[in-house]
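**Student:** Can you keep this structure in mind? I'll have questions shortly.
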Amino acid sequence: MSPSESVSVDVALGDLGALLLDAGVSVTDVRGTLERARDATAPGEGLAFAVLPEHVLVNRPGIPGATTIAAGEGFDLTFRQTAHASRLARRLEAGNVGLDQVPAHIAHIRGIRRRHPGLERTLGGALLAAGLALLFRCPWWAVLLALLVGALVAAIVVMTDRVRAAAAVIPFVAALVSTLIVGVVADRLGFGAVPLFAVCAPVALLVPGALITNALLELTAADIVTGASRLIYGLIMLGFMAAGIFTGAAVTGLRVDPRSAALVGETSLVTGHSGWEAVPPFWLSWLGVVVLAIGIGLSFGAGFRLTVATVIVMICTYAALALLSPYTGSTVATGVTAGLLFLAARVLERVTLAVPATVSFQPAFLLLVPGTVGLVALASFDAQALAAAPLVFVSLCIGTKVGALFADALRITRPVSPRTLTGSIRVIR
């Protein structure tokens, strides 16, 4: 291989790694993907990879200065772009795409745009908030208010999305605005104690649940620097959001119902009121899951087919949590569900690359509520919630690791046939 060809190999794999980082893939999985792609497309090259949160270093051992650095663009990809990126990596591993074709594919993936991004994200934020409020059986007035405030929070995020300096204060501002509105409405209408998710649901779009879970997974995979930095950043974001809730509650005199700090499968809030203060019947929690899934699809640019897949995955996740929680408790149920879901995501990915595991598993983070658990614990100062938060995180990580172990043992992640790859391209477009 000539020097120019060698450089193209380094650049192609580095840019692929940067694309996967922007897609929200953990550094551990990015490194594993690059190593498999190297073995499939450039065996014997001896390339070594070091993956950081926003950079990929491709090194040629034994050659001084032969290190290529690829950087991500710093903006998260949509679910649709993530699906394309995951499919590209799998096709490269399978040998169905050459390294010389990678730059064109990456340029195409990064060039995919939504038709109405602001409208979709605003509507998605509204449905996401309303779905969570309905899922956790908040009173009807809180569900309606979450719909409106969720749209407002999403609009604020859209307007400040491209301003890097705003990223640090948006969690605080969004939580403060949400709490002020909920507190004023509850005070003016005399609703008394407010369910915690009436405040947390509108800002759930900003909860770093996937970030914190990825950080813990990276820490368990010995990626200490990246895992620790992500974990600290996620905890800082949660702290800013909790500070916004505290400030808003202090200004408006908002009181939180202590019975409302619950996980999925534990929601049993009963008010005894009628009309707007009544709690929706339990069966409407299933509708809340569907609304939540549609909101996620719109917020993160999933497209129609991936949104349908998200609805199915989240219904199955909720069913598993609801069935297991009464017998094992919510903490254990979260880990078991995460393991089963990860295994199912790998199976689905093998059947059709139109639904990569990254996309099908990520929405469940919000339903397994690792980030929301932390926010609830900080906002409520409830001793039981504070103790449950780290246990839920650990359970989720163990479940995911066990699911990955079974997936690898069953060779679920092996490459699929070119015919399946071609069919997947048609499905996802």
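The values are calculated or read from the model by the stated rules, or taken from the named source; none is laboratory data. Remember, it's a predicted structure, so these values are computed and weren't measured experimentally. When we count neighbours, we look across all protein chains shown, and the Cβ atoms used for this are built from the backbone with ideal geometry, even at glycine. With ligands, DNA and RNA removed, areas are computed over all heavy atoms of the protein, side chains included. Shrake-Rupley method; radii C 1.70, N 1.55, O 1.52, S 1.80 Å.
**Student:** Taking H as built 1.01 Å from N, whose amide H comes closer than 5 Å to the amide H of VAL256, not counting residues under 5 places away?
**Tutor:** Sorted by chain and number, the residues that satisfy this are VAL194.
**Student:** In whole Hz, what ³J(HN,Hα) sequence does segment 105-110 give by Karplus (6.51, -1.76, 1.60; θ = phi - 60°), x for Gly and Pro?
**Tutor:** Calculated HN-Hα couplings, in order: 5, 5, 4, 5, 5, 5 Hz.
**Student:** Could you rank the peptides 331-341, 183-193, 216-226 by their average count of other C-beta atoms within 10 Å per residue, with the highest value first?
**Tutor:** Packing proxy ranking, top to bottom: 331-341, 216-226, 183-193.
**Student:** Same structure, new question: Please list the non-local residues whose amide H lies under 5 Å from the amide H of ALA66, H modeled 1.01 Å from N, same-chain partners needing a gap of 5 or more.
**Tutor:** ARG60
**Student:** Next up: Please identify the chymotrypsin sites (Phe, Trp or Tyr not before Pro) of segment 293-346 that satisfy two criteria: DSSP loop assignment and at most 13 other Cβ atoms within 10 Å. Which are they?
**Tutor:** Passing sites in segment 293-346 do not exist.
**Student:** Now, a different point. Could you provide, to the nearest whole Å², the per residue accessible area of segment 26-90 with probe 1.4 Å?
**Tutor:** 43 Å²
**Student:** Follow-up. With +1 on each Lys and Arg Cβ and -1 on each Asp and Glu Cβ, and nothing else charged, work out how big the dipole of segment 97-139 is about its Cα centre, in Debye to the nearest 20.
**Tutor:** It comes to approximately 180 debye.
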